[in-house]
Every structure is written in structure tokens, then in C-alpha cells.
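Read the figures in this text as sums done on the coordinates, not as results from a lab. If you're wondering where the values come from, they're calculated on a predicted model, not measured in any experiment. Here the Cβ positions follow ideal geometry from the backbone for every residue, glycine too, while neighbour counts run over all protein chains shown.
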Amino acid sequence: MKTRTFANVWDALSDSPEEAATMKIRSDVMIAIHDTIAAWDTTQAKAASRLGVTQPRLNDLLQGKINKFSLDTLLTLAGRAGLKVKINIKNAA
């Protein structure tokens, strides 16, 4: 049996390179939002209110339930959290 290696977990789990790239971006944005909220040192209810979502919705984000969030939604939440997101686009090697 041959061992396969991957650049990241999304490459291993996704059906296509395009899906893997999208999942990588979504997870990066989700982690940044999570870290920002943690730095606020507040309750989930107050953080949810600040982001304009319900507390259960915020809990899904904090628990890493990535499939419940589109990239568009995550970018909106990042903006509400005071984050500036920059995506670098380059030709594939």
C-alpha cells in the first residue's frame, strides 16, 4: 500500500482542488474570527449581539462547524468583528 501525503487536511478531505482551496480559506477566516472573539473576553451572548447573529449561531462558529458557514457569511462576520480580509490570488504552479 502506498502512503499519500497532502499539503493540508482540506486537500485530503475534499473532492477537488477547488473545493480544498475554498475550505482552506473558510477555515482561515473562521479561525481569525474565533481568535478575535476570544480576545474580546466577553460572553457568547454579547459577542453574538456585536456580530449580529444569535448565540447558537455564534456557538456553531466557535465549535468549528465549518459546513454551516459560507465564505460570504464568514467574510461578513469578519468585517463585523473588525477584521480586514485580504485574499492573494496567483497562478497555479
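The table that follows gives values for the structure above.
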| read-out | value |
| --- | --- |
| Scope the stretch 59-93; condition farther than 24 Å from Ala20 by Cα and in contact with a Leu (Cβ under 8 Å, 6 or more places away or on another chain); matching residues | Arg80, Ala81 |
| Those residues of the stretch 45-83 which are outside any helix (DSSP H, G or I) and not charged (D, E, K, R), in sequence order | Gly52, Val53, Thr54, Gln63, Gly64, Phe69, Ser70, Ala81, Gly82, Leu83 |
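A quick yes/no check of all residues on (1) of a type in the set (Lys, Arg); (2) in contact (Cβ under 8 Å) with a residue 40 or more places away in the chain:
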residue	(1), (2)
Thr36	no, yes
Ala47	no, no
Arg50	yes, no
Pro56	no, no
Asp60	no, no
Asp72	no, no
